[in-house]
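The values are calculated or read from the model by the stated rules, or taken from the named source; none is laboratory data. The shown structure was predicted, so the numbers you read here are calculated from the model rather than taken from an experiment. Cβ: placed from backbone, ideal geometry, glycine included. Neighbour counts: every protein chain shown.
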């Protein structure tokens, strides 16, 4: 085997004496040539790193539409793009770095862990605030910041925590804005700290109420779900705050949240919760101003919605304390106090006080006013003034509904007017009677088919005109009994004969009414032959009393008036007695029992006046009895006899048979 040849190396020349001279010459030549060097051109002509060899394309050319030939180049996959492994590794590392810079991965925290951390943080902050509120005034903002989370569970926890904290730390007085204090004054450090804490409390509380308002509005269009939503929690918090701290700031904003929910058509648990909260506010209101604000917002909302609200909203007026506390009389425009017009304070012409004394008295008066507000002391005059304004708003709402003729609110309106009858003054009484007469005329015209059928305005069943007429009659006599108008009948020129004549004509028709013993909220089976759109709704919009109860109340007011029971004329008594005996033949058994019981009371009071109707041999009247007469007096009742008793003696119900015997005994006992 041949040996490997030795590698030749270039040897350094031996040093000579003239090394210094030669090195100097070389250095001088180097600098001389360096001036003529072109470094950029050398860099350009410098050899590059070997690129990948382009693979020769073996594909056939393609002939285009215009006759030209186009050669197809080889793809990058065929040719290859990497020369060596090092180049491939460098390329892969660079691409990985670029991808990491473009899409940084954020740490993802599970929702359950976020909720757990929020619970711990909320509990920690709430504990600090409750232990020492003044030293932790910034905690209110911290609680609100946690509630800004996008997770609904954290939002609900934050609301519940803030509700608990504010209920505990809110003082028993209203905090005035700091701008009312006027110019800056020198106060102690403790006072400055307290004022700063109070302003932080008011600011945080205002932000909390704004968040409640926002969430309650966002949840109005949501469909009811299985669990509690953020809107449900917001409404619950607003109701709790209104009943817990009604004296504190931003009470009007809380009432607006509740009134906004009551303006919706859907009656759900939140709707009932808001209604119950306002009822508690009305019943516990000793000042009068919270009730005035709530009634004002309710009246404004109903008027804006053209009174297309649920009946329970209007029934809230029946829970006002003024219904039993107020002693004056009012209308929709003005109020008359029980002690007459208030005398004006006479100015003292001779005021001998000095300027200094006047200034001291003025400061003392302002100080006393602030002390009264802090102690929540309400004067009798202020409460009476608030109740007067509230009563005017209530009457204005009732009167507008009567004028508008809203069908689904008619029962609640008339019932409310009957409850407030003792607070209505004489001028307003006359206007109400005319409105009630117009309603009865409209009901008669609609029943006779003289007017076109009205469209359903609030998705209720068709109008029950007979029931509305009875409600108007009951309300008219309740108003008369409530305000003692019979003592001034000559001055007022009141005449209720219109209601008496209308009831007399309607008796026979009412006796055959299919829903005589059913209330407006009683369950009705749907008609199987009726179309699907005509099926009655499960929730009705009129009061609870049945038609029979309304009829008996109207008849009692006409035949046995409480203000002057002996003043009923014999013709009226006889005509109604004969008409009621005829109507009892067609009524259901319970209604017939009620009518016979009423006739027994009439016989016990006016037996001598109508006993002639049971005498078949002697008749006090001449002519023919007309049961369809337009007026009661022209029906000529004494020209007939009560023969219906013989048929009722054979009634299938034993209580009806017993009732007939009691009526005859009461009528004939004084004969």
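Brief remarks on what is shown
- For the stretch 135-142, the criterion of a residue being modelled with pLDDT under 85, closer than 28 Å to residue 230 by Cβ and in a helix (DSSP H, G or I) is satisfied by at least one position.
- Taken together, 82, 97, 72, 129 contain a single residue that is within 60 Å of the chain's Cα centre (by Cα) and either modelled with pLDDT under 80 or under 22 Å from residue 228 (Cβ atoms) (or both), which is 97.
- Residue 116 more than 25 Å from residue 244 (Cβ to Cβ), outside any helix (DSSP H, G or I) and either modelled with pLDDT under 90 or out of contact with any strand residue (DSSP E or B) (no Cβ under 8 Å at 6 or more places or on another chain) (or both): no
- Any chance residue 608 is assigned to a helix (DSSP H, G or I) and more than 20 Å from residue 550 (Cα to Cα): yes
- When the stretch 212-239 is filtered for residues that are under 16 Å from the mean Cα position of the chain (by Cα), under 15 Å from residue 269 (Cα atoms) and either assigned to a helix (DSSP H, G or I) or at pLDDT 90 or above (or both), the ones remaining, listed by number, are 216, 231, 232, 233, 234, 235, 236, 237, 238, 239.
Yes/no per residue for (1) touching a helix residue (DSSP H, G or I) at 6+ places or on another chain (Cβ under 6 Å); (2) farther than 17 Å from residue 326 by Cβ; (3) not in a helix (DSSP H, G or I):
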site	(1), (2), (3)
260	no, yes, no
264	no, yes, yes
267	no, yes, yes
272	no, yes, no
280	yes, yes, no
287	no, no, yes
295	yes, no, no
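- The set of residues in the stretch 580-592 being part of a helix (DSSP H, G or I) and buried (at least 19 other Cβ atoms within 10 Å of the Cβ) consists of 580, 581, 583, 584, 591, 592.
- Conditions (1) in contact with a helix residue (DSSP H, G or I) (Cβ under 7 Å, 6 or more places away or on another chain); (2) buried (at least 16 other Cβ atoms within 10 Å of the Cβ); (3) assigned to a helix (DSSP H, G or I): number failed by residue 597: (2)
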